[in-house]
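J.: Below you will find the structure I want to go over with you.
Quick note: the coordinates plus some simple rules give every number you see, no bench work behind them. These numbers come from a predicted model, not from an experiment. Reconstructed Cβ throughout: ideal geometry from the backbone, glycine too, with neighbour counts over all protein chains shown.
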Amino acid sequence: MNEPPSLRYPAVDVARDKHPLAPANIERIIKAVENRFDEQVEFLTRLVRAASLRGNEASVQKIVANALEERGYDVRSFPIDPARIGKDPAFSPTRFDLKDSTIVVGSKRSPHEGGRSLALNAHVDVVPVGTSARWRYEPFSATRDGDWLYGRGAGDMKAGLAANLFALDALSSAGFDLKGAVQFQSVIEEETTGNGAAMVLAEGFRADAVLISEPTDEKLVSANTGVIKFAITVQGVPAHPFEVATGRSAIDIAIRTIEHLRQLEQEWIAERPITQPDFAGVDNPIALTIGTISGGEWLASVPSECRFEGRIGFYPGEIAEARAARFESFLRKASLNDPQLQGCPEPEIEWVGVKQGGYVLAPGTDAEALLAKAHSLADSSQRELQRFVMPCYLDAAVFALHGDMTSLVYGPVAEHIHAVDERVNLPSLLRVTKAIALFAAAWCGAEARAEHV
């Protein structure tokens with residue numbers, strides 16, 4: 001992916017009142033992160049070994065809740081309310097029963113006044129591993145190899161959750177109290193619907209800013225695309241091999257329908273908005289993917305039915321329902337106008353996951369400037385923070401569009417996310433944890449406890 005030039009940020013003077021921390025205190029916080037990093041990696045290992053596939057997040061959320069309670073957070077656990085689906089615009093469609101899975105939020109009020117509030121967010125749900133035999137190490141073994149920790153969810157995004165927790169720990173260990181209230185959010189359903197984040201808003205949790213520590217290669221997400229997830233079922237005409245000419249293969253019809261969707265993908269790519277220059281360097285921000293397909297009833301029969309599932313993106317600025325209507329209209333016309341599809345029943349479209357618009361992070365905010373400074377302070381090379389587009393769904397869209405919250409997405413280097421041999425880079429995780437700690441201190445304001453003054 002081609003990336004836009006890095007954005008230069010206004011200088012933040014850490015030696016004056018514009019920033020709550022003097023250089024010596026910054027060093028103290030950085031040292032506090034380093035002192036507990038082995039413990040942080042061990043905590044991450046426990047998280048990865050809790051195989052939190054969809055509907056099985058209870059064990060990992062228990063680890064998170066216990067960790068928050070031990071640290072004195074006010075902890076709440078609550079499920080996703082299915083009654084809100086189809087009624088609250090922040091929620092996406094789903095039919096999956098998640099009665100045994102909950103969201104965990106830990107809150108801490110400040111003993112001081114005058115600071116801005118902050119939510120640190122991460123999701124614990126992970127995608128399936130595929131064929132385990134293809135992995136270098138068992139997918140949920142959380143195996144460390146040099147500077148890398150392997151495992152499904154290690155990068156996306158349990159490393160970010162560990163960074164959030166240990167960043168706040170470091171501030172406390174260094175003797176600082178934040179002046180603003182803090183929320184630690186551990187959500188589910190990011191990979192499928194985004195309804196975990198939507199439920200956080202539905203329960204009344206708000207903050208002046210939210211930072212989501214997704215694996216972004218230590219860059220800041222400037223925008224993400226809207227996403228709609230679909231399932232399409234097509235019908236053929238079943239037949240015996242000796243009467244094959246009388247049949248119409250549902251699998252062939254599905255393949256032809258997918259070919260039409262590839263045309264739709266190209267049409268939507270061409271709508272690239274000139275008002276959003278961050279998308280200029282993205283090869284395919286729409287990214288149609290067909291993730292599953294199943295069809296047929298018997299290996300020696302012309303198949304009667306085929307179903308496939310996928311997702312497609314669209315640019316920020318349009319609501320998901322409008323884009324879904326365009327999708328439906330396109331397929332209807334393709335079915336009527338294509339000679340190879342004429343006479344076939346109209347495809348059945350079901351919305352089965354994220355149905356959410358995209359968002360753009362306006363440049364020049366105080367939150368971004370403070371994160372940029374924290375990012376440079378966390379690395380001895382003082383690298384500038386770069387912006388880039390993630391052409392996928394992010395929970396930040398829910399907070400930005402439905403909670404009117406400043407939403408930052410920033411996290412460690414990870415490789416092969418959603419793929420074989422997913423892994424997170426531990427030196428990068430250390431830098432990101434330092435940056436989050438320094439950002440929290442700068443954003444909320446920090447005051448040294450009496451014994452550390």
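J.: Tell me the Kirkwood hydrodynamic radius of the chain in angstroms, computed as one over the mean inverse distance between distinct C-alpha pairs.
T.: Hydrodynamic radius (Kirkwood, Cα pairs) of the chain is 23.2 Å.
J.: Something else now. List, in order, the whole-Hz ³J(HN,Hα) value for each residue of the stretch 132-147 obtained from phi through the Karplus relation with A = 6.51, B = -1.76, C = 1.60 and θ = phi - 60°; use x for Gly and Pro.
T.: For the stretch 132-147, the Karplus curve yields 4, 4, 7, 7, 5, 10, 3, x, 10, 7, 6, 8, 8, 9, x, 8 Hz.
J.: Now for a different question. Where q = 0.15, 0.23 Å⁻¹, what log10 of I(q)/I(0) comes from the Debye formula for the stretch 361-453, counting one point per Cα?
T.: Ignoring solvent entirely, the Cα scatterers give -0.74, -1.31.
J.: Right, something else. Normalised radius of gyration for the stretch 307-423, please: alpha carbon Rg relative to 2.2 N^0.38 Å, two decimal places.
T.: 1.50
J.: Taking all pairs of different Cα atoms in the stretch 79-147, averaging 1/r and flipping that mean, what Kirkwood radius in angstroms comes out?
T.: It is 17.1 Å.
J.: Past 18 Å, Cα to Cα: identify those pairs from Lys219/Lys373; Lys219/Lys434; Lys108/Lys219; Lys31/Lys62, in the order given.
T.: Violating the 18 Å limit, Cα to Cα: Lys108/Lys219; Lys31/Lys62.
J.: Can I ask one more? Report, please, the projected area of the stretch 234-326 averaged over directions, based on the convex hull of its C-alpha atoms, in nm².
T.: Value for the stretch 234-326: 7.2 nm².
J.: Just to confirm the filter: which trypsin sites (Lys or Arg not before Pro) across the stretch 318-424 are DSSP coil and have at most 15 other Cβ within 10 angstrom of their Cβ?
T.: Here the trypsin sites (Lys or Arg not before Pro) that fit, given the DSSP loop and packing criteria, are Arg383.
J.: Let me ask you something else. To make sure I understand the rule: partners must be lysines, Cα under 17 Å from the Cα of Lys229, and not fewer than 8 residues away in the same chain. Which ones qualify?
T.: Lys355
J.: If eta is 1.002 mPa s and T is 20 °C, what Stokes-Einstein diffusion coefficient results for the stretch 171-291, Kirkwood Rh from Cα pairs, in µm²/s?
T.: Estimated via Stokes-Einstein, D reaches 108 µm²/s.
J.: Just the number, please: Stokes-Einstein D of the stretch 277-324 in µm²/s, Kirkwood Rh from C-alpha pairs, 10 °C, 1.306 mPa s.
T.: It comes out at roughly 115 µm²/s.
J.: Consider just the alpha-carbon atoms of the stretch 40-128 and return their Rg together with their Dmax, both in angstrom.
T.: For the stretch 40-128, the Cα radius of gyration and maximum Cα-Cα distance read 15.4, 45 Å.
J.: Convex hull volume of the Cα atoms in the stretch 40-79, per residue, in Å³?
T.: 57
J.: Here's another thing I want to ask about it. Among the GluC sites (Glu not before Pro) within the stretch 69-164, which fall in a DSSP loop and have no more than 14 other Cβ atoms within 10 Å of their own Cβ?
T.: Glu113
J.: Can you work out D for the stretch 174-221 in µm² s⁻¹ from Stokes-Einstein, where Rh is the Kirkwood radius over C-alpha pairs, the temperature is 4 °C and the viscosity is 1.567 mPa s?
T.: My calculation gives 99 µm²/s for D.
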